[in-house]
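Data first, discussion second: the structure below is written as structure tokens.
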Amino acid sequence: MHRKKTMIWGVAILASVSAAVATAQHRFRYHDETETRPINLVPATVDPGTNQSEIKETASKLRLTGNGIPDHLVGQFPNRGNPHSISTQNVKLNIPANPKSTGSRTPLQMGWNFGVSLTGVTFDPLAAEFWHGDQRSGWSYNALGGAIALGLDANYAHVQPNGKYHYHGVPTGLIELHDWSPVKHSPLIGYAADGYPIYAMTGVIDGQVIQMTSSYRLKSGNRPGGNQPDGQYDGTFNEDYAYVQGSGTLDQCNGAFTVSAEYPSGTYAYFLTENYPVIPRCFAGTPDKSFRFGRQ
């Protein structure tokens with residue numbers, strides 16, 4: 001795996017025009033696909049440039065700044081499914097240093113990053129793709145379902161129109177750089193917006209290293225049809241899945257209590273999983289507003 005050095009670094013517009021621009025920015029593509037397809041990942045063979053990132057700790061927060069450039073190889077962008085180029089970002093995120101559970105679950109919403117890697121690349125699992133292009137339809141496309149070609153690279157990542165490279169699935173290049181192994185507790189790979197740590201797939205429970213598994217399962221039967229999607233629940237949409245308590249090792253937010261090198265006394269933590277949702281879709285704590293990047 002390619003390894004790179006990470007640097008540390010501390011007109012007025014008419015109202016009618018503004019309204020037209022705002023409308024265009026929030027118009028979604030029309031889709032009527034109802035079946036999953038294999039994802040053709042773009043090989044990660046391109047050096048994206050030099051990562052610049054820094055984490056400063058205070059009593060109440062971790063302040064992460066960076067340029068949003070990953071420290072591993074990426075796919076070729078633009079590509080057939082993703083017409084955008086990677087560009088530097090002004091990453092400024094506040095991570096709660098002492099996260100606390102609210103006792104309930106806060107769903108991840110459109111316009112929010114779930115979390116961020118230690119090197120300043122965000123985890124943003126939701127795709128702005130909806131049934132018939134309607135965000136209010138109740139049917140959102142699963143970015144890893146393959147029904148919509150998103151031009152994902154081998155890190156299950158692609159690029160937003162503003163040049164932001166972000167992860168929709170398990171970032172293979174990132175975890176390899178952190179020496180992830182299936183026979184030991186995952187290394188720390190990032191933090192969620194509520195401050196809890198993010199690990200990948202393996203944890204320690206009751207003194208044993210285990211594969212951390214999702215408790216989401218495909219619903220049985222067929223979708224409603226009519227003015228809603230038809231066909232079998234096959235993973236095309238996020239709504240094809242339901243949380244089944246106890247069917248895996250993780251809770252509704254893909255989290256569990258674990259003991260790690262960073263938290264020898266144990267902590268609640270989130271885990272990326274091999275199966276849906278892969279990246280969690282809700283928070284146990286209160287997400288910091290710095291992780292919001294768009295309108296809800």
Review point. Got at least one residue in region 180-201 being of a type in the set (A, V, I, L, M, F, W, C), at pLDDT below 95 and more than 30 Å from ARG136 (Cβ to Cβ)?
Key: no
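For the structure I just gave you, tell me whether TYR270 is more than 14 Å from the chain's Cα centre (by Cα) and at pLDDT 95 or above.
Details: more than 14 Å from the chain's Cα centre (by Cα): no; at pLDDT 95 or above: yes.
No; evaluated as a whole, the condition is false for this residue.
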Revision key, fill the gap. ASN94 vs (1) touching a Ser or Thr at 6+ places or on another chain (Cβ under 6 Å); (2) assigned to a loop (DSSP other than H, G, I, E, B): all pass except (2)
Check your understanding: Would you pick out the residues in region 195-246 that are closer than 20 Å to THR267 by Cα and assigned to a strand (DSSP E or B)?
Key -> PRO197, ILE198, TYR199, ALA200, THR202, GLY203, VAL204, ILE205, GLN208, VAL209, ILE210, GLN211
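Identify, please: which residue in region 117-129 is aliphatic (A, V, I, L, M) and open to solvent by less than 40 Å² (accessible area, probe 1.4 Å) and is, among those, nearest to GLU176 (Cα to Cα)? Explain how you work it out, then say what you get.
Our first condition is that a residue be aliphatic (A, V, I, L, M); within region 117-129, this holds for 118, 121, 126-128.
After this cut, where a residue has to be open to solvent by less than 40 Å² (accessible area, probe 1.4 Å) as well, the list is 121, 126-127.
On the way: VAL121: 15, LEU126: 24, ALA127: 25 Å.
Restricting to residues being aliphatic (A, V, I, L, M) and open to solvent by less than 40 Å² (accessible area, probe 1.4 Å), the top hit is VAL121.
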**Study point:** Looking only at region 273-296, and only at residues there that are assigned to a loop (DSSP other than H, G, I, E, B) and hydroxyl-bearing (Ser, Thr, Tyr), the one that is farthest from the chain's Cα centre (by Cα)
**Key:** THR286
Exercise for review: Restrict the check to region 217-235 and report whether at least one residue is under 30 Å from HIS31 (Cα atoms) and of a type in the set (Ser, Thr, Tyr).
Suggested key: yes
Check your understanding: Looking at region 89-116, which of its residues are buried (at least 24 other Cβ atoms within 10 Å of the Cβ) and small (Gly, Ala, Ser)?
Key -> GLY115
Check your understanding: Are there any pairs with C-beta distances below 7 angstrom linking a residue in region 25-39 that is part of a loop (DSSP other than H, G, I, E, B) to a residue that is exposed (fewer than 12 other Cβ atoms within 10 Å of the Cβ) and at pLDDT 95 or above, with the two at least 6 apart or on different chains, and if so which?
Key -> THR34/ASP230
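Among the residues of region 104-116, is there at least one that is of a type in the set (Gly, Ala, Ser) and assigned to a strand (DSSP E or B)?
Here is the first cut: in region 104-116, the residues of a type in the set (Gly, Ala, Ser) are 104, 111, 115.
Subsequent filtering for residues that are assigned to a strand (DSSP E or B) retains 115.
Yes: one or more hits.
Just a yes or no: is a residue in region 219-236 under 24 Å from PRO171 (Cβ atoms) and either open to solvent by 20 Å² or more (accessible area, probe 1.4 Å) or out of contact with any Pro (no Cβ under 7 Å at 6 or more places or on another chain) (or both)?
Of the residues in region 219-236, the ones under 24 Å from PRO171 (Cβ atoms) are 235-236.
From what's left, either open to solvent by 20 Å² or more (accessible area, probe 1.4 Å) or out of contact with any Pro (no Cβ under 7 Å at 6 or more places or on another chain) (or both): 235-236.
Yes, some residue in region 219-236 is under 24 Å from PRO171 (Cβ atoms) and either open to solvent by 20 Å² or more (accessible area, probe 1.4 Å) or out of contact with any Pro (no Cβ under 7 Å at 6 or more places or on another chain) (or both).
Here's the yes/no breakdown for (1) polar (S, T, N, Q); (2) under 16 Å from PRO107 (Cβ atoms); (3) crowded, with 21+ Cβ neighbours inside 10 Å:
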| position | (1), (2), (3) |
| --- | --- |
| ASP251 | no, yes, no |
| PHE257 | no, no, no |
| SER260 | yes, no, no |
| GLU274 | no, no, no |
Exercise for review: Among the residues of region 70-84, write down those that are part of a loop (DSSP other than H, G, I, E, B) and open to solvent by less than 10 Å² (accessible area, probe 1.4 Å).
Suggested key: PRO70, HIS72, GLY75
Exercise for review: Working only within region 154-192, note down all residues that are farther than 23 Å from GLY248 by Cβ, open to solvent by less than 10 Å² (accessible area, probe 1.4 Å) and either among the polar types (S, T, N, Q) or in a loop (DSSP other than H, G, I, E, B) (or both).
Suggested key: ASN155, GLY163
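The values are calculated or read from the model by the stated rules, or taken from the named source; none is laboratory data. The structure presented is a predicted model; accordingly, all values stated were derived computationally and were not measured. Cβ atoms come from the backbone with ideal geometry, glycine included; neighbour counts cover every protein chain shown. These accessible areas exclude ligands, DNA and RNA; they are computed on the full protein's heavy atoms, side chains included. Shrake-Rupley method; radii C 1.70, N 1.55, O 1.52, S 1.80 Å.
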